[in-house]
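Quick one: the structure is below, and I'll ask about it shortly.
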Amino acid sequence: MKRPEILSPAGSPEALRAAVNAGADAVYLAGEAFGARAYAKNFTREELCDGTKYAHERGVKLYVTVNTLVVDREMEELREYIAFLCGLPVDGLIVQDLGVAKLIRSWAPELPLHASTQCACHSLDGVRELHALGFSRVVLARELSLANIAKIARESPCELEVFVHGALCFSHSGQCLMSAVIGRRSANRGRCAGPCRLPYAVEGGRMRHQLSLKDLCAAEKLPELTRLGVASFKIEGRMKRPEYVSSVTRTYATAVRYGVKPGKREIDSLGEIFSRSGFTSEYLDGSSSRDMFGMRGEEPSGKYEAALRRERELAAEVPVERTLGAVDFALVVRADEHIALTARSGGAEVTVAGELPERARTRPLTEELCERQLRKTGGTGFEAGKITCTLGEGLTVPASALNALRRQALAELEAKLSGERAIPFCAETKPVRGRPPEELGLVASFRYLKQLPEEVGTLRTAFFPLEAYDGKLPELPEIMKRVTPGVLLPRVVTDAERGAVRQELERLRSHGVREALCGNIGLLPLLRELGFEITADISMNAMNSWSLEALQELGVARALCSAELSTAQIRDLTKPLPCGVFAYGRLPLMVSENCLRRNELGCTGRCKLPTTLTDRTGETFLILPERGCRNLIVNSKPLYFADRREELVRAGASFLYLYFTDEERDVCARVLRDYTCGGGEKPEQFTRGLLTRGVL
């Protein structure tokens, strides 16, 4: 069984060296753009060059995060950056944006792509779709249980990477818009402001840190994750200091290398370096409870400083020796011929020539003397292997000459091994083929069938959640007289839940429901198989023209643009398929694996009813129940754009999307009239969302 890779974070050159010297097999980091930790120190181009060389000299791989959503006007900068990374070359890129992945595949087909956890992949079908798009590795969602990971691992067509230590987000990654909506700081663009670390009150409860999870620690799960065949164990922490990186890396690398679980003493030491009220591994156990929550308090200065000092001392005393491998030497010293030294390692070979040997006056050259000089490879990243010497009689060579030959040979060998040929790069960017926008129409989603008004204006399709159809299928013929019914899919469906979802979709299909609004790539294969016409939801994060094209190639018929785009950025898009804009409703901000009502109040039997979450400023967000005892947190105010509908038309929208949550039927009717006619009475409280301002 292959030993899993230990993948460590580096937010600075100091952290990179700490990770390598503590035993990391690979390090992930970001340059000064396109990385999901914009507030880390990150790496300049010169530091990326030095960091790649430092890692490769020691047999450590280096992955670069290019895991933000990218808008059309940034693509030229991205293209130049990828060309630079190919020239180093790096060992892989971590990517979220499907359009970015599509472009990188055309620019540099040989460059390995890893699907970021921001892709929100939590099923085998999701892994298969990402692999078909060209990803060789998928970072699984952090909310998955060991049982779910086992199911995926048994049939995965590519490598799997799993987080084993570090911060946990309350929302499924790639599905959070709270930071963007509150302060324009987009988590999908690397600028998350961390609103989940602030205090909130669930209706009926007290103000406390309701969304702040403890850090993950999967140390006790390492043997099982290894047996499942997980290829890479990932440590979170690009915002952390080098001592943290060193401590966590050493602990996990030692555990994996020797096949043991870290003991209580080691775990306690990790907690002293950094934790949020301790650690949790509940998601891996298949559970979620109030015990998962915690906050980082004030540092107990004495204990914390002692932990940092202890780690610095440990790192200085016992660095893990990492090499490029063994190098074999063959030395030839013959009379009247230049000294020749051949070095071989990892399938590469170089030969360098020195001066002519001299006749020995006293002590001739011996194999023992030659071997002693050639074994001095310290500090080069190599270790000496087999050494053969062919020596003429009565000859001598100065030790300094042998040392110079050794240094030259190793330098050239290193250039051949760690400075391999640049990854081929094609500078051409194939343009997206657009199409004229179709006639503007309306589509909407409702939580309940009873919200659908008698008069629907220009509403074309009404999507309802799977649960809304329970016991209501006899009402479908009447609904079909007014509008085309569709199904709104859950944002998270694990492999354990897929069978039940399939049965419900088959039943709806047999009753004439033909359209689906889908927010996760893992559900696309099922919808294609059952013959649904697919509209991509905003959670598919279509931020640029190439992401729209990628969705079209996956069988999507229509797509909602990312809710983080401004009207100007929507206008920039070349639209290969009909595109819509989220134009009304409480914007979904987070989808969580934890049920806040259950955590705060216990299960009351009223889980189908919405409750509220209030922040410290008094803003109140709705908490809507989602399939699988999950929660969907939506914005405090509805987005309203009926009076500026023409701006969306000019931006090229083929349809407008209205998202109804807690509205009564008469409110739904009024909103439909407003968007059908263009204008009307604005809600008492509303927001223009990000359509007028975009995100940072």
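The values are calculated or read from the model by the stated rules, or taken from the named source; none is laboratory data. On a predicted model such as this, the values are computed, not experimentally measured, just so you know. Cβ sites come from the backbone with ideal geometry, for glycine too, and all protein chains shown count toward neighbours. With ligands, DNA and RNA removed, areas are computed over all heavy atoms of the protein, side chains included. Shrake-Rupley method; radii C 1.70, N 1.55, O 1.52, S 1.80 Å.
Charges at C-beta only: +1 for Lys and Arg, -1 for Asp and Glu. How large is the resulting dipole of the range 369-457 about its Cα centre, in Debye rounded to 20?
So the dipole magnitude of the range 369-457 works out to roughly 440 debye.
Can you figure out the FRET efficiency of residue 692 with residue 268, using R₀ = 51 Å and their beta-carbon distance, to the nearest 0.05?
After rounding, the FRET efficiency stands at 0.50.
By DSSP, what percent of the beta bridges with both residues in the range 346-493 are antiparallel, rounded to the nearest 5?
20
Moving on to the next point. Return the carbon/sulfur percentage of the accessible area of the chain, one whole number, probe 1.4 Å, all protein chains in place.
Accessible surface attributable to carbon and sulfur in the chain totals 48 percent.
For a paramagnetic label modelled at 7 Å from the Cα of residue 649 toward its Cβ, which residues of the range 400-444 fall within the zone defined by backbone nitrogen distances under 18 Å?
Output list for this probe position: 436-443.
How large is the accessible surface per residue of the chain, computed with a 1.4 Å probe and reported in Å² as a whole number?
Each residue of the chain exposes 40 Å² on average to a 1.4 Å probe.
Of 104, 262, 448, whose Cα points farthest to the positive end of the dipole of the chain (charges on the beta-carbon: +1 Lys, Arg; -1 Asp, Glu; origin at the Cα centre)?
It is 448, whose Cα lies furthest towards the positive end.
As a test, work out the antiparallel percent of DSSP beta bridges whose residues both lie in the range 62-208, rounded to the nearest 5.
The antiparallel fraction comes to roughly 10 percent.
With a Förster radius of 56 Å, plug the Cβ-Cβ distance of residue 353 and residue 261 into 1/(1 + (r/R0)^6) and report the FRET value to the nearest 0.05.
Calculated value: 0.55.
Out of the DSSP beta bridges found with both residues in the chain, what percent are antiparallel (nearest 5)?
Antiparallel bridges make up about 35 percent of those DSSP assigns within the chain.
Could you give the distance between the Cα centres of the range 1-46 and the range 146-210, to the whole Å?
A separation of 21 Å, based on Cα centres.
Can I ask one more? As I understand it, the dipole of the chain uses +1 on the Cβ of Lys and Arg and -1 on the Cβ of Asp and Glu, about the Cα centre. Which of 70, 346, 170 lies farthest toward its positive end?
170
Which residues in the range 6-30 have a backbone N closer than 14 Å to a point placed 7 Å from the Cα of residue 309 along the Cα-to-Cβ line?
The answer is none.
Only one of the values (1) 84, 78, 51; (2) 72, 61, 53; (3) 111, 56, 42 was calculated from this structure for Cα extents along the principal axes in Å; name its label.
This structure yields the entry labelled (3).
Hey, what angle do you get for helix 242-258 against the long axis of the chain, alpha-carbon based, 0 to 90 degrees rounded to 10?
Tilt of helix 242-258: around 80 degrees.
Estimate the FRET efficiency between residue 14 and residue 326 by the formula 1/(1 + (r/R0)^6), using the beta-carbon distance for r and 51 Å for R0, to the nearest 0.05.
0.95
Let me know the charge dipole size of the range 438-541 about its Cα centre in debye, to the nearest 20, where only the beta-carbon of Lys, Arg (+1) and Asp, Glu (-1) is charged.
Rounded to the nearest 20 debye, it is 120 debye.
Compute the distance from the alpha-carbon center of the range 215-234 to that of the range 53-94, in whole Å.
Taking the Cα centre of the range 53-94 as reference, the centre of the range 215-234 is 26 Å away.
Find how many whole Å separate the alpha carbon centroid of the range 496-559 from the alpha carbon centroid of the range 357-429.
With the range 357-429 and the range 496-559 each reduced to a Cα centre, they are spaced 60 Å.
Right, here's the next one. On the full set of protein chains, 1.4 Å probe, figure out the accessible area of residue 677 and give it in Å² to the nearest 10.
Using a 1.4 Å probe on the heavy atoms, I get roughly 100 Å².
About the Cα centre of the chain, what is the dipole size in debye to 20, counting +1 per Lys and Arg Cβ and -1 per Asp and Glu Cβ, all else neutral?
820
Can you find, among 286, 494, 187, the residue sitting farthest towards the positive end of the charge dipole of the chain, where Lys and Arg contribute +1 and Asp and Glu -1 at Cβ?
Of the options given, the answer is 286.
Another question, then. Hey, which lysines would be in cross-link range of residue 450, C-alpha to C-alpha under 28 Å, not counting anything within fewer than 8 residues on its own chain?
472, 481, 608, 637, 682
Right, something else. Using only Cα atoms, tell me the angle between helix 665-677 and the longest principal axis of the chain; keep it within 0 to 90° and round to the nearest 10.
80
Quick check on the range 63-199: take the gyration tensor over C-alpha atoms, sort the square-rooted eigenvalues as a ≥ b ≥ c, and tell me if it's rounded (a/c under 1.5), prolate or oblate.
Since a/c reaches 1.5 but b/c is at least a/b, the shape of the range 63-199 is classed as oblate.
Kindly identify the range 428-524 as rounded, prolate or oblate by the Cα gyration tensor criterion: order the square roots of the eigenvalues as a ≥ b ≥ c, call it rounded if a/c is under 1.5, otherwise compare a/b with b/c, prolate if a/b is larger, else oblate.
It is oblate, given that a/c is not under 1.5 and a/b is not larger than b/c.
Then there's this: Once you've got the Cα coordinates, tell me which of 61/151; 430/575; 214/234; 41/376 are over 25 Å apart.
From the list (61/151; 430/575; 214/234; 41/376), the Cα-Cα distance tops 25 Å for 61/151; 41/376.
Per 0.36 nm of contour for each residue apart, how much would the distance between residue 506 and residue 337 grow if the chain were fully extended, relative to their Cα-Cα spacing?
That pair, residue 506 and residue 337, stretches by 52.6 nm at full extension.
In degrees from 0 to 90, rounded to the nearest 10, what is the angle of the helix 264-273 Cα long axis to the longest principal axis of the chain?
Helix 264-273 and the main axis of the chain meet at about 80 degrees.
Quick check: residue separation of residue 422 and residue 529 times 0.36 nm, minus the Cα distance between them. What number comes out in nm?
So the chain would gain 34.4 nm between residue 422 and residue 529.
Report the net charge of residues surrounding residue 652, where surrounding means a beta-carbon distance below 9 angstrom and charges are Lys +1, Arg +1, Asp -1, Glu -1.
Overall, the nearby charge balance is +3.
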